[in-house]
Each structure stands twice: as C-alpha cells, then as structure tokens.
Amino acid sequence: MARRGRKKGGPRYRRVTLSLPKRLYYVLNGIAMGDERKLNRLIKGILEDKLAESTVAELELYLRRAEEEEEEDLMEEQTQESKE
C-alpha cells in the first residue's frame, strides 16, 4: 500500500505587506472607520474583485508598466547625476 504525502499544515492564506500612498491609505482607513480588521477586509475585497474581473494578460500589463516606470526612473536619476 502506497503512502500518501503529508499535507503541509499552517494557515490557508499567505501574509502580504503593501505599501500604499498616504492619501490612499487615509481614504481607505476612513471608509473602514479606523478599524484595522475592516481595513484589511476592505483591501482584500477590492483585490479579490479586481482579480476576478481581470484576465492574465491584463495583470501582466501591470508588471510591464511597473518595469517601464522603474526604467524611466533609473534613466532620470542617471541624467541628474551626470548633470551634477
């Protein structure tokens, strides 16, 4: 009789840390009435809704945009350093 592999224990969800602009944080925190649990539920709900509506191609577009913005930022920093 073959043995089955042991299932990993632990939480069902992974913990993620987000960095939000202050303005966005204050808006969401206001909607959640200052309650951290409600704020976390609100952010989780927004993300789940957005992911449910999006295709993989649309999500990959976010990554490309972020990479392009990082490249632009690096180019700007390099030009500023060369001017100095």
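The numbers here are math on the coordinates, done by the rules we state, and not lab data. Quantities reported herein were computed from a predicted structural model and do not represent experimental measurements. With ideal geometry, Cβ positions are generated from the backbone for all residues, glycine too; neighbour counts draw on all protein chains shown.
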key: Cα radius of gyration and Dmax for the chain (Å)   = 20.3, 73
inquiry  = Can you give the FRET efficiency to the nearest 0.05 for Glu67 and Ser19, using r as the Cβ-Cβ distance and R₀ = 22 Å?
reply    = 0.80
inquiry  = Just to check I understand the Karplus step: with θ = phi - 60° and J = 6.51 cos²θ - 1.76 cosθ + 1.60, what whole-Hz values come out for the range 30-40, glycine and proline as x?
reply    = x, 5, 7, 6, x, 8, 5, 5, 5, 4, 4
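Would you please give the FRET efficiency between Leu42 and Arg6, computed as 1/(1 + (r/R0)^6) with r the Cβ-Cβ distance and R0 = 30 Å, to the nearest 0.05? Let's see the in-between values first.
On the way: r = 36 Å, r/R0 = 1.20.
Rounded to the nearest 0.05, the efficiency is 0.25.
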query = Taking the chain as a Gaussian network, where each spring joins two C-alpha atoms under 10 Å apart, which residue of Tyr26, Tyr13, Tyr62 fluctuates the most?
reply = Tyr13
message = Please compute the length gained on full extension between Tyr26 and Glu81, using 0.36 nm multiplied by the number of residues separating them and subtracting their Cα-Cα distance.
response = 16.3 nm
